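Trainee: Have a look at this one before I ask anything.
Readers should treat all values here as calculations from the given coordinates under stated rules, not as data from a laboratory. All of these numbers come straight from a predicted model, not from anything done at the bench. Because the Cβ atoms are built from the backbone with ideal geometry, glycine has one as well, and the counts that use them run over all protein chains shown.
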Amino acid sequence: MKGVALRRAIEAELRGNLLPFWRERSLDDAGGGFIAEMANDGTLRRDAARGLVLNARLLWTFAALHRELGEPCDRELACRAFDYIEAHFRDREAGGYHWRVDAGGRPLDRTKKTYGQAFAIYALAEYYRACGDPAALVAARLVYEAVERHARDGRHGGYLEARAEDWSATSELRLGDGETIAPKSMNTHLHVLEAYTTLLRAWPDPGLASRVRELVELFPARIAAGGHLRHYFDERWVALPGTYTYGHDIEASWLLVEAAAALGDERLAARVREWSIRMARAALAEGLDADGGLAYEGRAGTVVDGRRDWWCQAEAVVGFWHAHEATADPAFADASARVWDFISRRVVDRAGGEWFARVLPGGSVDEREPKVSEWKCPYHNVRMCLEMMRRLGAGGGR
């Protein structure tokens, strides 16, 4: 698929499917804010808890849409998301944001997971950039300062995975069931980097810039190995045994270049580009199946989990295209188009709207995974559409 055709197809998906779904069907007019869980058949779970991650990603999404497309409805929805987060997730005593609230907006899990604080910063900074609300920048700076005070590891570098409600030590380190208990993780650091990069664009503070630089340099020094990102670490950065995920690898391959570019350091950006291309080549060689789907997990150069989660596919479209831009290698452009074709054929829900969360290796949809949930959101796929429209000449500059 040529670039013009790819852009048109992606823009049609954004405007014809994703935007109507999230603008119209995600609102909770009864409870306020946005729905927390929807099955693939459209059934809502009214009593589902509301997570900080979903709500922050909704705020980021509508703010980014307004900044890129300029449509008033997205500004209104971004304001709605901001108001809900500030009213129900913000911890006005200890600072930062609660991890989870109940259907009525009352705190259920007050843990200060660094991953969640990062998404709050990311969303608040984007909202400020899009809508100019000074309260959002104040809020973003306050949570940034809290993370730096309480979650940064000044001795060994990086950030601790979680803190208690009052920012003291906690043993509640996992983001979700089934995850490894570890003091530090790749995933958290990737999204702290993403958040700090966006905040730096809104607030060019020298101290923040130094933290972005530390994070950029941390990845090749501590987290990466052999073209992949290791997942979990102890406090001293000793890697724990496990797999790697192709989706995180390809996502990091372009997010780290974006972060280095935000610093305005071309020497650093050149080093990061070289490393990012190595990551993209590994994902292409190992994780991309003949049908165009990107596998979930690998170990020692072999796929060990062939599931195709929606977010991995979205990140692969951007990541492979980014590698093509950096190298002019047509194999990367072809890979990006192949993943898009897989998304269009297998992942997009033509009947119910939005995308299925997971497609199994044989091509069937995993119906156990909801359409909307604490983790299933518009952040990855809407961002992919905006990124590709911009990169292919139709989305406006940033």
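Trainee: With each label point set 7 Å from Cα along the Cα-Cβ vector, what nm distance links A5 and D153?
Mentor: It works out to 4.9 nm between the two label points.
Trainee: Once the dipole of the chain is set up with Lys and Arg at +1 and Asp and Glu at -1 on Cβ about the Cα centre, which of A63, W275, P134 lies farthest towards its positive end?
Mentor: W275
Trainee: Taking a cut-off of 25 Å between Cα atoms, list the lysines near K113, but don't count ones fewer than 8 places away on the same chain.
Mentor: Within the straight-line cut-off, K113 pairs with K184, K371, K376.
Trainee: Wrap a convex hull around the Cα atoms of the stretch 3-391, take a quarter of its surface area, and give that in square nanometres.
Mentor: For the stretch 3-391, averaging the hull's shadow over all directions gives 17.3 nm².
Trainee: Suppose only helical runs count, i.e. DSSP H with n ≥ 4. What mean residue ellipticity at 222 nm does that imply for the chain under -39500 (n - 2.57) per run, divided by all residues and rounded to the nearest 500 deg cm²/dmol?
Mentor: -15500 deg cm²/dmol
Trainee: Estimate the FRET efficiency between T170 and D83 by the formula 1/(1 + (r/R0)^6), using the beta-carbon distance for r and 35 Å for R0, to the nearest 0.05.
Mentor: E between T170 and D83, to the nearest 0.05, is 0.75.
Trainee: Just F62, F82, F21 to compare: in a GNM of the chain, with alpha carbon springs under 10 Å, which one fluctuates most?
Mentor: F21
Trainee: Name the long-range amide H neighbours of Y97: under 5 Å, sequence gap of 5 or more, or other chain; modelled H, no Pro or chain starts.
Mentor: Those lying under 5 Å, H to H, from Y97 are D91.
Trainee: Oh, and also: I need the helices of the chain that pass two filters: whole DSSP H segments spanning 20 Å or more by Cα along the axis, and mean Kyte-Doolittle score no lower than 0.5.
Mentor: Membrane-span-like by this rule: 52-69, 246-263.
Trainee: Using only alpha carbon pairs under 8 Å that are at least six residues apart, calculate the relative contact order of the stretch 98-145 and give it in whole percent.
Mentor: Rounded, it is 27 percent for the stretch 98-145.
Trainee: Also, I was wondering about something else. Sketch the reach of a paramagnetic label on R106 as a point 7 Å from Cα along Cα-to-Cβ, and name the residues of the stretch 31-60 whose backbone nitrogen lies under 15 Å away.
Mentor: 47-50
Trainee: Tell me the relative contact order for the stretch 318-398 as a rounded percent, counting alpha carbon contacts under 8 Å between residues six or more apart.
Mentor: Values: 56 pairs, mean separation 13.6, N = 81.
About 17 percent, as a whole number.
Trainee: Continuing with the same structure: With r as the distance between the Cβ atoms of R307 and E76 and R0 = 45 Å, compute the FRET efficiency 1/(1 + (r/R0)^6) and round to 0.05.
Mentor: Efficiency, rounded to the nearest 0.05: 0.80.
Trainee: Here's another thing I want to ask about it. If amide hydrogens are placed 1.01 Å from N in the peptide plane, which non-local residues have theirs closer than 5 Å to the one on D305?
Mentor: Y296, E297
Trainee: Can you tell me how much longer the chain between R45 and D29 gets when fully stretched, taken as 0.36 nm per residue apart minus their C-alpha distance, in nm with one decimal?
Mentor: Length difference between fully extended and current span is 4.3 nm.
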